[in-house]
Amino acid sequence: MSVRKRTGAGRWERVDVLAYKEEGAAPFKAISRQVLFDDPRLLCQLRYFEIAPGGYSTLERHEHMHAVMILRGRGRCLVGNEIHEVGPHDLVTIAPLTWHQFRAGTDEPLGFLCMVNNERDRPQLPTEEQLAELRRDPRIAAFLDS
Ligand code: MN
């Protein structure tokens with residue numbers, strides 16, 4: 001069937017709400033994953049992630065890129081050395097090997113579409129040294145501790 005109707009905020013017919021990642025595989029909090037489009041004839045996937053208030057995605061980087069559109073809620077993202085407030089319909093481009101993390105605000109979930117290559121490398125987590133380097137910027141330290 002070619003149309004899957006929206007059934008609620010951030011929900012669609014015949015789309016399973018999945019775990020973000022395997023528990024314990026990497027640090028994250030209160031985030032779900034849905035694969036909206038995944039067809040071998042189109043060499044990308046479109047996923048929808050939703051972060052509950054106070055939650056966050058994994059701080060990571062990888063060779064593949066992300067093209068992100070915020071769909072609902074407000075939050076902040078770290079991209080490289082920049083921290084941005086984001087809200088509905090804002091677009092975020094995450095270049096290769098750029099550290100990134102999304103954090104929901106405290107009072108509403110942050111939901112966003114994320115397009116990726118079908119075949120992609122595994123995310124890298126920061127080493128202690130790399131994390132210390134990021135934390136040298138007090139704005140980034142405050143972001144990571146929020
Ligand atoms: Mn990523």
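The values are calculated or read from the model by the stated rules, or taken from the named source; none is laboratory data. Keep in mind that this is a model prediction, so the values were computed, not measured. Cβ placement follows ideal geometry from the backbone for every residue including glycine, while neighbour counts extend to all protein chains displayed. Heads up: the accessible areas ignore ligands, DNA and RNA and are worked out on the full protein's heavy atoms, side chains in. Shrake-Rupley method; radii C 1.70, N 1.55, O 1.52, S 1.80 Å.
Taking region 34-56 as the search range and keeping residues that are among the hydrophobic types (A, V, I, L, M, F, W, C) and part of a strand (DSSP E or B), which one is nearest to residue 120 (Cα to Cα)? Explain how you work it out, then say what you get.
Our first condition is that a residue be among the hydrophobic types (A, V, I, L, M, F, W, C); within region 34-56, this holds for 35-37, 42-44, 46, 49, 51-52.
Next, from what is left, pick out any that are part of a strand (DSSP E or B): 35-37, 44, 46, 49, 51-52.
Values: 35: 15, 36: 17, 37: 16, 44: 10, 46: 13, 49: 18, 51: 23, 52: 26 Å.
Checking each candidate, the answer is 44.
Each residue in region 19-48 was checked for being more than 23 Å from residue 105 (Cβ to Cβ) and surrounded by 12 or more Cβ atoms within 10 Å (Cβ to Cβ), and 7 pass. Applying the condition of being under 25 Å from residue 67 (Cα atoms) and among the basic types (Lys, Arg) to region 115-146 and asking which residue is most open to solvent (accessible area, probe 1.4 Å) yields 122. Residues that are surrounded by 11 or more Cβ atoms within 10 Å (Cβ to Cβ) and within 11 Å of residue 112 (Cβ to Cβ) within region 81-90 comprise 86, 87, 88, 90, listed in sequence order. Considering region 69-146, the qualifying strands (runs of 3 or more DSSP E), each wholly inside and each with 1 or more residues that are polar (S, T, N, Q) and modelled with pLDDT of 95 or more, run over 91-94, 100-104, 110-117.
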